[in-house]
Amino acid sequence: MLVVVGRIGRAHGLRGDVSIEVHTDEPETRFAPGAVLLTAPQAAGSGRSTPSMPARPNAPKTLTVESTRWHSSRLLARFVGVEDRTAAEALQGLMLQIDVDPAAAPEDSDEFYDIELEGMTVVADGVEVGTIHEVLHLPGQEVLVMHRTGGGEVLIPFVSEIVPDVDRASRRLTLADPGGLLDESEAEEA
């Protein structure tokens, strides 16, 4: 199962370093020197190719981490064979993935792989209201994209106050609607 661990951001400096938008709680492990990461030409947080990020036939299929370092609060990485700013700029926007055993769930019960959440049934007040379509990794937090049972999409902030329970075994996610999230008329009044 492929799991997104990061997205390549802008080039940093002249020697091939790039910033990494980290999508893992284990950056020291996932971006350790020698780690081989799979690449995918996808928009941030998306598990699918999008028109805004077309296929890139010249993009490398894998990248090997040469070194990493923290600069302010950003992770900077250098990959083997990426020697200058031009080569680094060509990588911008690529998603970085690893292949993990589907049976190997994260150790922390509050951590989830995107692929685990995608396809889960969403329940609010005991009623099935939709299915998780994808997970967006935004700078402030993760957001779940839910396809409503009756049609349309809803963006759900993936925080414990709004999503108090995720049951891996039953593939169900419980939603505590703070008002207006599911009912558009309540949102307009607020």
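Every number in this text was worked out from the coordinates using simple rules, so none of it is lab data. Because the structure is predicted, anything quoted here is derived from the model rather than measured. Glycine gets a Cβ as well: all are built from the backbone with ideal geometry, and neighbour counts include every protein chain shown.
Long-range amide H contacts for residue 129: which residues qualify at under 5 Å (H placed 1.01 Å from N, peptide plane, sequence gap of 5 or more or a different chain)?
For residue 129, whose amide H was placed from the backbone, the distant partners under 5 Å are 122, 123, 124.
Once you keep just the Cα pairs under 8 angstrom separated by 6 or more residues, what percentage relative contact order results for segment 114-189?
Taking the mean separation of contacting Cα pairs over the length of segment 114-189, I get 25 percent.
Please report how far the C-alpha centroid of segment 1-29 lies from that of segment 117-148, rounded to the nearest whole angstrom.
That distance is 25 Å.
Would you order 73, 170, 19 from fewest to most other beta-carbon atoms within 10 Å of each residue's own beta-carbon?
73, 170, 19
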